[in-house]
């Protein structure tokens, strides 16, 4: 289970940290120790720093996203940081695709919903691709065939009719709605889960345990976990009491955020 990553760290068979070696190459002892504690050796730390990545935690996130020091600048050029990159790669997008979607104003979830919808559109018929002149299609027909509602119905069907109609009733039928609906989460619940900062997959796990967004928020509040930390602790796979125990031991939410990213990477 994910929680063992907190309680039982992986065995460390590396040589002891050698500050002299790090300082000789221009990295102060204190900074070098932080890189070393994140299991990044001196050579890779130098490569990350040359690539403009100053924080070890960001280097870890870039690694989780499958990005290396020699390719990180492509993501930076696209104005996508390490935390965002994890989300984009989780949904299967490379840097070129992520850049295109982000410039169009889409989040990773919205881009995923749009991609899913496009995959469900049938390929053009042989008649459409032939060299023969095609009949002119009226603008009203194009509007009906390409409407957001039509796309939403195609992407979400078949599924629970209640889920589909909960979005249609609200008029929420964009690509982000598709991403939530395809995970079986009703519209009102999706809005509440979004406020907690959860992804559709993470919210789906909570619902499978019989928890609503309100019940989840209450449980974490009673455990004394700050609201802004809840999503990362949940994403790391911990219960409210387990998260409270880890915080009492001095484990920060940053560690939970890394484990949350690792968990996504394995799915």
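The values are calculated or read from the model by the stated rules, or taken from the named source; none is laboratory data. Not measured: the values here are computed from a predicted model. Glycine also receives a Cβ, built like all others from the backbone with ideal geometry; neighbour counts cover every protein chain displayed.
Look through 115, 129 and report the one residue that is surrounded by 16 or more Cβ atoms within 10 Å (Cβ to Cβ) and either on the phi < 0 side of the Ramachandran plot or at pLDDT 85 or above (or both).
On the way: 129 fails: surrounded by 16 or more Cβ atoms within 10 Å (Cβ to Cβ).
Within the list 115, 129, the selection yields 115.
Would you confirm whether any residue within segment 195-209 is over 30 Å from residue 149 (Cβ atoms) and surrounded by fewer than 21 Cβ atoms within 10 Å (Cβ to Cβ)?
Taking segment 195-209 as the starting set, the residues that turn out to be over 30 Å from residue 149 (Cβ atoms) are 209.
Subset that is surrounded by fewer than 21 Cβ atoms within 10 Å (Cβ to Cβ): 209.
There is at least one residue in segment 195-209 that is over 30 Å from residue 149 (Cβ atoms) and surrounded by fewer than 21 Cβ atoms within 10 Å (Cβ to Cβ).
Is it true that some residue in segment 155-162 is over 21 Å from residue 87 (Cβ atoms), over 19 Å from the mean Cα position of the chain (by Cα), loosely packed, with under 10 Cβ neighbours inside 10 Å and modelled with pLDDT under 90?
Looking only at segment 155-162, we keep the residues that are over 21 Å from residue 87 (Cβ atoms), and these are 156-162.
Among the residues that remain, those that are also over 19 Å from the mean Cα position of the chain (by Cα) are: 156-162.
Narrowing further to those that are loosely packed, with under 10 Cβ neighbours inside 10 Å: 158, 162.
If we keep only those that are modelled with pLDDT under 90 too, we end up with 158, 162.
Checked segment 155-162: at least one residue is over 21 Å from residue 87 (Cβ atoms), over 19 Å from the mean Cα position of the chain (by Cα), loosely packed, with under 10 Cβ neighbours inside 10 Å and modelled with pLDDT under 90.
State the number of residues belonging to segment 156-201 that are in a helix (DSSP H, G or I) and farther than 18 Å from residue 115 by Cα.
Initially, segment 156-201 is screened for residues in a helix (DSSP H, G or I), giving 156, 161-170, 175-181, 187-196, 200-201.
Within this subset, residues satisfying the condition of being farther than 18 Å from residue 115 by Cα are 161-170, 187-196.
Summing the residues that are in a helix (DSSP H, G or I) and farther than 18 Å from residue 115 by Cα in segment 156-201 gives 20.
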